[in-house]
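Here the structure comes first, spelled out in structure tokens, and everything after it is commentary.
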Amino acid sequence: MDSDPPFHQTYKDLVNNTIESNDNELVIVEEQELPLIDLGRLSMDDKEEREGCEREIVRASEDWGFFQIINHGISKDILEMIREEQVKVFKQPFSKKCKEDKYLNLSAGSYRWGTPTATCLKQLSWSEAFHIPITDISGAAGVKGTTLSSTMEQFATTLAGLALKLAEILAEKLGQQSTFFQENCLANTCYLRMNRYPSCPVPAEVFGLMPHTDSDFLTILHQDQVGGLQLVKEGKWIAVKPKPEALIVNIGDLFQAWSNNVYKSVKHRVVTNPWRERFSIAYFLCPSYETVIHSCCEPAIYRKFTFREYRQKVREDVQKYGYKVGLPRFQINCTD
């Protein structure tokens with residue numbers, strides 16, 4: 001299809017010299033459902049119900065680093081509409097997507113695909129994405145004849161409030177001020193990412209998204225029912241069973257560092273599918289680059305660092321090694 005990025009042409013040398021991933025050492029177990037939390041309980045008059053819901057959020061963040069939420073405030077209609085509009089954007093010819101700053105009225109550089117730094121198949125992500133700062137959404141005209149902009153704006157506004165609410169609950173359970181996130185995670189620092197994972201002819205050797213942890217405070221994801229998201233728990237890869245109308249929340253590196261390892265930023269990946277394409281859209285709760293991240297209790301596991309410093313070190317490691325090292329770089333006992 002002329003909408004697909006030129007994976008075969010660009011990465012033909014890597015595809016022709018297949019290399020098994022080291023992550024095959026981790027055994028994939030049966031498909032499982034993540035902890036499921038009904039956020040409708042947070043608005044109940046019953047104090048015990050509200051506190052019980054908050055405890056479930058905390059427990060899932062400690063034990064899994066991932067959980068699913070229902071009654072999250074986003075209607076089924078909006079979820080279906082955002083999926084339809086997302087599909088329309090990705091079905092545009094590849095040549096037009098590369099010029100999205102003119103065609104879709106999005107920021108130059110929003111469209112990304114593959115992994116430019118990949119030196120072997122295990123470092124290649126067979127996917128394409130639009131990274132969209134929240135401040136760009138209200139001004140995005142969208143594809144002519146669609147409602148991409150208005151749908152994304154509704155979606156992003158609700159997710160922004162939801163992400164702050166979840167972060168505040170997690171902060172309060174640590175005895176920390178919940179205003180930290182309102183003051184540091186603003187519309188001009190957070191973003192949406194629309195993802196498409198085309199069908200892949202070599203799914204055993206190539207990831208849709210290579211194993212990684214998220215470099216934010218927390219991520220909220222809406223995925224379709226194709227499946228492919230997997231995470232590590234107790235030394236094994238767990239295949240996440242999709243659940244209609246549920247959103248997936250996962251803890252990012254910054255929250256793990258801020259919580260002094262109470263909350264877990266868990267490695268996850270997306271596996272490819274030889275027959276079906278997959279779509280998802282994620283909201284990332286990020287602070288400004290100047291925000292200082294420090295452990296909330298003593299003895300601190302991580303030294304203080306800014307988000308700018310963290311992102312810079314991640315980029316350097318990816319360019320040098322082909323993968324992200326992440327939080328271990330910032331442990332107090334790290335000598336590198």
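Each row is one residue, and each column tells you yes or no for (1) out of contact with any helix residue (DSSP H, G or I) (no Cβ under 7 Å at 6 or more places or on another chain); (2) at pLDDT below 95; (3) under 28 Å from Thr115 (Cα atoms).
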site	(1), (2), (3)
Val262	no, no, no
His268	yes, no, yes
Phe279	no, no, yes
Tyr289	no, no, yes
Glu298	yes, yes, no
Tyr302	no, no, no
Glu309	yes, no, yes
Gln319	yes, yes, yes
Tyr323	no, yes, yes
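List every residue pair whose Cβ atoms lie under 6 Å apart, where the two residues are 6 or more positions apart in sequence or sit on different chains, the first residue falls within the range 108-123 and is part of a loop (DSSP other than H, G, I, E, B), and the second residue, located anywhere, is β-branched (Val, Ile, Thr) and loosely packed, with under 15 Cβ neighbours inside 10 Å.
Cys120/Ile19
Please verify whether the range 74-86 includes one or more residues that are at pLDDT 90 or above, touching a Gly at 6+ places or on another chain (Cβ under 7 Å) and more than 19 Å from Phe130 (Cβ to Cβ).
The answer is no; no qualifying residue exists.
What is the one condition in (1) under 16 Å from the mean Cα position of the chain (by Cα); (2) more than 17 Å from Ile220 (Cβ to Cβ) that Ser280 does not satisfy?
So Ser280 meets the others, but not (2).
Given the residues Gln154, Gln230, Gln182, Gln177, which is the only one that is in a loop (DSSP other than H, G, I, E, B) and of a type in the set (S, T, N, Q)?
Gln177
Considering only residues that are assigned to a loop (DSSP other than H, G, I, E, B), under 22 Å from the mean Cα position of the chain (by Cα) and surrounded by fewer than 17 Cβ atoms within 10 Å (Cβ to Cβ), which ones fall in the range 40-79?
Correct list: Asn71, Gly73, Ser75.
I'd like to verify a number: residues in the range 290-331 that are without any contact (Cβ under 8 Å) to a residue 60 or more places away in the chain and not in a helix (DSSP H, G or I), how many?
Matching residues across the range 290-331 total 16.
Going by the conditions given, is Pro299 surrounded by fewer than 23 Cβ atoms within 10 Å (Cβ to Cβ) and under 30 Å from Pro203 (Cα atoms)?
Considered against the rule, which asks whether it is surrounded by fewer than 23 Cβ atoms within 10 Å (Cβ to Cβ) and under 30 Å from Pro203 (Cα atoms), Pro299 comes out as no.
Given the conditions (1) farther than 27 Å from Phe307 by Cα; (2) within 15 Å of the chain's Cα centre (by Cα), which single one is not true for Asp216?
All conditions are met except number (1).
Pull up the range 188-213, narrow it to residues that are among the charged types (D, E, K, R) and either in a strand (DSSP E or B) or in contact with a His (Cβ under 8 Å, 6 or more places away or on another chain) (or both), then point me to the one that is modelled with the highest pLDDT.
Per the stated criteria, the residue is Arg196.
If you scan the range 97-114, which residues turn out to be within 19 Å of Ile137 (Cα to Cα) and at pLDDT 65 or above?
Those that are within 19 Å of Ile137 (Cα to Cα) and at pLDDT 65 or above: Lys97, Cys98, Lys99, Gly109, Ser110, Tyr111, Arg112.
Going through Val240, Val270 one at a time, which residue ends up being touching a Gly at 6+ places or on another chain (Cβ under 6 Å), surrounded by 19 or more Cβ atoms within 10 Å (Cβ to Cβ) and either small (Gly, Ala, Ser) or more than 24 Å from Leu174 (Cα to Cα) (or both)?
Val270
Within the range 233-270, how many residues are closer than 27 Å to Ser199 by Cα and assigned to a strand (DSSP E or B)?
Selection size over the range 233-270: 13.
The values are calculated or read from the model by the stated rules, or taken from the named source; none is laboratory data. Everything numeric here is computed off the predicted structure, so don't read it as measured data. So basically every Cβ, Gly included, is an ideal-geometry build from the backbone, and we count neighbours across all protein chains shown.
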